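For reference, the structure is listed below as structure tokens.
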Amino acid sequence: MGLVLVLMALTALPASARAEPGLPQPSPTHGPHPDAHSDPLADLAPPGLATFPDSALDYDFALDDPALAPAPAPAEGPSTSEPLLPSLSNPRMFRGLAFDTCMAPSLDTMRRWRASKYGAVGVYYGGRGRACPHQPRLGHRWMKGVQRLGWRVLPVYVGSQSPCVVGPRKKGHRIGRHAWSEGVREGRDAVRRAWAVGIRPGSPLYLDMEAYKYRQKKCARTTLAFVRGWDRQVRGKGYVPGFYSSADSGVAHMRAAARAGVRDLPSVIWFARWHTRPRLSREPVLWRSAWSRQRRIHQYAGNVKERHGGRTLVIDRNLVHAPVARIR
């Protein structure tokens, strides 16, 4: 199913992160706003998602070409180029295809799925907003086991959601009145739970913020304050803060914040845009000037069934060039 993508200019916004953390937004482009694991919107994620055979997949890693790298951002003032992000300090990188699924599969299933085209797996290891909060298999033993099998891990934390979250099943987990302190508290929880399952410092932790109405100014302020508090706490504990959301929602919001010079933003972006080919360099919201090299994941399809080694899973599909977990 094709999409007509319209790139809209973002308005100039105040750069003061402390005084005005939220950002007013223009009307977003209509595209997939997936909650890929609990409540996909029927009108945006219909059954029978378009899939592409291996021969047709366009694995676009064009941003890895130095000739296509964006120019450095100015040292001061709002930037329309690369946002000023902390460097990735000797991260463990993965470049290839990954899948994520609501509940961590058994180690036997993960062994059988080594026959697939995937090399990394997204794991929902913590957070009160998870669609599958009970993960009986997930622990340090499981992490060590998948690592021995050759898998790389993308740790995902689904915490409190935006006050204007779209998905009805997420409305019971909305950010409260004290967004910054809640973000700090949940960032601390994300780090504690990561360590408990064997994820070492230096690893990325991806905050899952499902699609929200980021044009609403008050909601934007609250959401961004939470994300920044979470990022600062996670980064301060030695982990790499990442961010997952719909391309036309949370990712567009983060991009606007970056253009405005806001600090404490995620170091890695995981953007969901379904019904498209897997590409890292041609996302209209990001284009080539934000979170470019080794900082992107594209979730290009969701809620699809695949079978490998005699085992079937319902998964989301991702193209990755980004940090993955270090397992102790």
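The values are calculated or read from the model by the stated rules, or taken from the named source; none is laboratory data. Because the structure is a prediction, the values reported are computed rather than measured. Methodologically, a virtual Cβ is constructed for each residue, glycine included, from the backbone with ideal geometry; neighbour enumeration extends over all protein chains shown. The protein model used for the area step is the full one, side chains on, heavy atoms only, and it has no ligands, DNA or RNA in it. Shrake-Rupley method; radii C 1.70, N 1.55, O 1.52, S 1.80 Å.
Structural remarks
- Residue in the range 110-124 that is farthest from the chain's Cα centre (by Cα), counting only those that are under 26 Å from Ala190 (Cβ atoms) and open to solvent by 10 Å² or more (accessible area, probe 1.4 Å): Gly119
- The condition of being open to solvent by 10 Å² or more (accessible area, probe 1.4 Å), in contact with a strand residue (DSSP E or B) (Cβ under 9 Å, 6 or more places away or on another chain) and touching a residue at least 12 places away in the same chain (Cβ under 8 Å) holds for only one of Arg311, Arg326, that being Arg326.
- Positions within the range 164-180 being in a helix (DSSP H, G or I) and touching a helix residue (DSSP H, G or I) at 6+ places or on another chain (Cβ under 7 Å), in sequence order: Ala179, Trp180
- The listed residues are Val234, Val153, Val166, and the only one of them that is among the β-branched types (Val, Ile, Thr) and under 19 Å from Met103 (Cβ atoms) turns out to be Val153.
- Subset of the range 95-109 (residues that are part of a loop (DSSP other than H, G, I, E, B) and either open to solvent by 20 Å² or more (accessible area, probe 1.4 Å) or in contact (Cβ under 8 Å) with a residue 60 or more places away in the chain (or both)): Thr101, Cys102, Met103, Pro105, Ser106
- Residue tally, condition over 14 Å from the mean Cα position of the chain (by Cα) and either part of a loop (DSSP other than H, G, I, E, B) or within 20 Å of Pro204 (Cβ to Cβ) (or both), over the range 146-162: 8
- Residue in the range 281-300 that is in a strand (DSSP E or B), open to solvent by less than 30 Å² (accessible area, probe 1.4 Å) and polar (S, T, N, Q) present: yes
- For Ala260, the criteria (1) touching a strand residue (DSSP E or B) at 6+ places or on another chain (Cβ under 7 Å); (2) open to solvent by less than 10 Å² (accessible area, probe 1.4 Å) hold in every case but one, which is (1).
- Sole exception among (1) within 16 Å of the chain's Cα centre (by Cα); (2) free of Cβ contacts under 8 Å to residues at least 40 places away in the same chain; (3) assigned to a helix (DSSP H, G or I) for Ser245, by number: (3)
- Checked against the criterion of being in a helix (DSSP H, G or I), over 14 Å from the mean Cα position of the chain (by Cα) and β-branched (Val, Ile, Thr), the candidates Val262, Val234 yield just one match: Val234.
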